[in-house]
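Encoded as structure tokens, the structure appears first; notes follow it.
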Amino acid sequence: MKYNRILLKLSGEALMGNRQYGIDNDRLKEYAAEIKKVTTLGCQVAIVIGGGNIFRGLAGAATGMDRVQGDYMGMLATVINGMALQGALEDAGIFTRLQSAIEMDKVAEPFIKRKAVRHLEKGRVVIFGAGTGNPYFTTDTAATLRAIEIDADVILKGTRVDGIYDSDPEKNADAVKYSNLTYSEVFEKDLKVMDMTAFTLSRENNLPIIVFDMNKEGNLLKIVEGENIGTLVNL
């Protein structure tokens, strides 16, 4: 394996599958199967999921809702998604732990770095819910923060496109894909892949990011084994 410990970042929208909102059970099963392939190899997997399929704080703020209140609602949405993925992983025979940045001991452990690392060392998949536990921070930033805290080798951002492009490939057929980018190039080109706080954290801690198509079967395994899939962002 090229990577022994990964932080997989999934968007909430990814869990919708072909639905307009909510959670698609078939998509959950597909993701669980892909994750099982890498855990079977011995790769340690931590996961951060967004909540956009249920609620977005920014969307609430745009309609007049208090931003802080909206962000906390979004954090709770990520816990719902985490619970759903946890159920799918355990149905696939994978031991998991769900940790939350907001204490809710009936459904999740509180986030404690040492416990998270110990779970990973024992072969459990650890799902981090509730973002950073603070408003005004995205789940991209939460993913980067958790990856640094657990000393992950890489952040794998699973999307529905196969990498980073100079424009939206779903709207522009002539969009050009990048195979490799530096952090500086991401800033200079103003590429909207992760928010700037997340990129800055990654850059300062020399943490590489790979953006790839999570919906293509086998991609996650290929990356862990060292194949050049998607777009790599590093120094």
Highest GNM mean-square fluctuation among ILE210, ILE112, ILE127, for the chain with Cα springs under 10 Å, belongs to ILE112
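Quick one: of the DSSP bridges fully inside the chain, what percent are antiparallel, nearest 5?
Working: 5 of 34 bridges.
Roughly 15 percent of the beta bridges in the chain run antiparallel, per DSSP.
Taking only protein heavy atoms and a 1.4 Å probe, what accessible area per residue, in Å², does the chain have with all protein chains in place? Before the final figure, lay out each step's value.
Details: 11430 Å² over 235 residues.
Roughly 49 Å² per residue, with all protein chains present.
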Can you give me the C-alpha center-to-center distance between region 21-70 and region 129-171, rounded to a whole angstrom? 11 Å
Assuming 0.36 nm per residue, please report the length gained on full extension of the stretch ARG118 to ALA173 beyond their Cα-Cα distance. 15.2 nm
At a Cα cut-off below 20 Å, give the aspartates and glutamates reachable from LYS189, other chains included and same-chain residues fewer than 8 away excluded. ASP140, ASP162, ASP166, ASP168, GLU170, ASP174, GLU204
Looking at the square roots a ≥ b ≥ c of the eigenvalues of the Cα gyration tensor of region 17-120, which shape do they give, rounded for a/c under 1.5, prolate if a/b is larger than b/c, or oblate? oblate
P(r), alpha carbons of the chain - 5 Å bins starting at zero, rounded %: 1, 7, 15, 19, 21, 18, 12, 5, 1, 0
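Given a Förster distance of 25 Å, report the FRET efficiency between ASP91 and ASP151 from their Cβ-Cβ distance, rounded to the nearest 0.05.
Working: r = 29 Å, r/R0 = 1.17.
The computed FRET efficiency comes out at 0.30.
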Could you run the Karplus curve 6.51 cos²θ - 1.76 cosθ + 1.60 with θ = phi - 60° over region 168-185 and give me ³J(HN,Hα) per residue in whole Hz, x for Gly and Pro? 5, x, 7, 10, 10, 5, 9, 4, 9, 8, 9, 8, 9, 9, 8, 4, 4, 5
Explain nothing, just compute: Karplus ³J(HN,Hα) = 6.51 cos²θ - 1.76 cosθ + 1.60, θ = phi - 60°, for every residue of region 220-232 in order, whole Hz, x for Gly and Pro. 4, 4, 4, 5, 4, 7, x, 6, 7, 10, x, 10, 9
Answer rounded, prolate or oblate for region 6-60, using the Cα gyration tensor with square roots of eigenvalues a ≥ b ≥ c: rounded when a/c is under 1.5, else prolate when a/b is larger than b/c, else oblate. oblate
Pull out a ≥ b ≥ c, the square roots of the eigenvalues of the alpha-carbon gyration tensor of region 72-171, then state rounded if a/c is under 1.5, prolate if not and a/b is larger than b/c, and oblate in the remaining case. prolate
Share of carbon and sulfur in the accessible heavy-atom surface of the chain [1.4 Å probe, %]: 47 percent
So for region 1-43, averaging the separation of alpha carbon pairs under 8 Å that are six or more residues apart and normalising by length, what relative contact order in percent results? 42 percent
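The values are calculated or read from the model by the stated rules, or taken from the named source; none is laboratory data. For clarity, every value in this text was computed on a predicted model and none was experimentally measured. Neighbour counts run over all protein chains shown; Cβ positions are idealised from the backbone, glycine included. Just the protein is used for accessible areas: all its heavy atoms, side chains included, with ligands, DNA and RNA removed. Shrake-Rupley method; radii C 1.70, N 1.55, O 1.52, S 1.80 Å.
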